[in-house]
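To start, the structure under review is shown below, and the notes come after it.
The values are calculated or read from the model by the stated rules, or taken from the named source; none is laboratory data. On a predicted model such as this, the values are computed, not experimentally measured, just so you know. Virtual Cβ from ideal backbone geometry, glycine too; neighbours counted across all protein chains shown.
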Amino acid sequence: MIKATLDKATGILHVKPSGPLEEGDFETLAGLADPYIAKNGALTGLVVEIERFPGWKNLAGMLKHFRFVRGHHRKIRRIALVTDARIGKFAPSLARHFVAADVRRFPAGEAGKAKKWLQQTGD
């Protein structure tokens with residue numbers, strides 16, 4: 001299950017998984033992101049705020065997740081991972097193999113700093 005909001009003024013999609021990821025979660029994300037991307041060309045950024053990686057509910061959820069990433073990764077400029085979980089320590093270097101976006105980790109509770117970084121035009 002994912003809670004997601006899109007700030008249309010900044011082009012930032014903010015997601016907070018709260019349980020194992022399901023197919024419908026990525027349909028929800030696409031429903032938010034795709035109209036904005038069609039109008040503006042890309043999202044400014046994506047904030048993924050997690051306590052720990054929740055896993056997937058089933059194989060269908062995992063496959064839909066991979067398809068969402070494959071279909072959207074070139075249309076998101078930056079990704080901010082907001083977490084203290086161990087996965088956050090190696091996720092940015094791992095993500096470089098799968099996504100075109102610049103990925104950076106921020107400590108839990110620093111979603112505001114993450115959003116500021118997403119909006120910067122330089123480093």
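The table below gives the values:
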read-out: Scan of the stretch 11-22 for residues that are surrounded by fewer than 17 Cβ atoms within 10 Å (Cβ to Cβ) and touching a helix residue (DSSP H, G or I) at 6+ places or on another chain (Cβ under 6 Å), ordered by number; value: none
read-out: Residue tally, condition of a type in the set (Phe, Trp, Tyr) and at pLDDT 80 or above, over the stretch 94-123; value: 2
read-out: Answer residue from the stretch 55-70, given it is crowded, with 16+ Cβ neighbours inside 10 Å and out of contact with any Phe, Trp or Tyr (no Cβ under 9 Å at 6 or more places or on another chain) and is nearest to residue 117 (Cα to Cα) among those; value: 56
read-out: Candidate set from the stretch 79-93 (those that are over 11 Å from the mean Cα position of the chain (by Cα) and at pLDDT 65 or above); member that is nearest to residue 46 (Cα to Cα); value: 83
